[in-house]
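Taking it in order: structure first as structure tokens, then the write-up.
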Amino acid sequence: MSDRGEIKITHPDALEVEIASGAMTRLAGVSESLAGSTGIHLAIATVPPGRCSMTHYHTNCESAIYVERGNGLFLTGADLEVSNPISAGDFIYVPAGAPHQPVNTTDDEDLVLIVARNTAVEIVVDMPSAGRQDC
């Protein structure tokens, strides 16, 4: 049997707090610093009721997102002109370089997203003047 590295398990009390984007917070469970990963990153992102992330894009990775809980909009397009309704159970694919902004449209429930990326360390470009500014 070949040595393929050590399996790492991250328990909920040891998640890595990542930089917030607007009102959205992220907690990583698989990251370079937690697991020594080199080609994948997995986190839980939470957007509080009535709030949103900052509009942004990732220059060096694709993202796969699963909507675990809540309802909202996923704004996309060069000028964030496309408004996609999202709810629990939806899967979202975001190619590298695609501007996007998750928005929680509820008054009483967090929008919870499971986010996977195909790089251990993402490069994010914020677009503070694009997208929704009222959340």
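Since every read-out is calculated from the coordinates, none of them should be taken as a lab result. Not measured: the values here are computed from a predicted model. Here the Cβ positions follow ideal geometry from the backbone for every residue, glycine too, while neighbour counts run over all protein chains shown.
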Completion exercise
Note: probe point = Cα of residue 62 + 7 Å toward Cβ; backbone nitrogen < 12 Å; residues of the stretch 100-135 passing the test are 117-119
Handout entry: Label-point gap, in nm, between residue 11 and residue 127 - each point 7 angstrom along Cα→Cβ
Key = 4.2 nm
Problem - Stokes-Einstein translational diffusion, the stretch 16-126 - Kirkwood Rh over all Cα pairs, 1.567 mPa s, 4 °C, in µm²/s - result: 94 µm²/s
Problem - Across the chain: Cys residues that no other cysteine approaches within a C-beta distance under 4.7 Å - result: 61
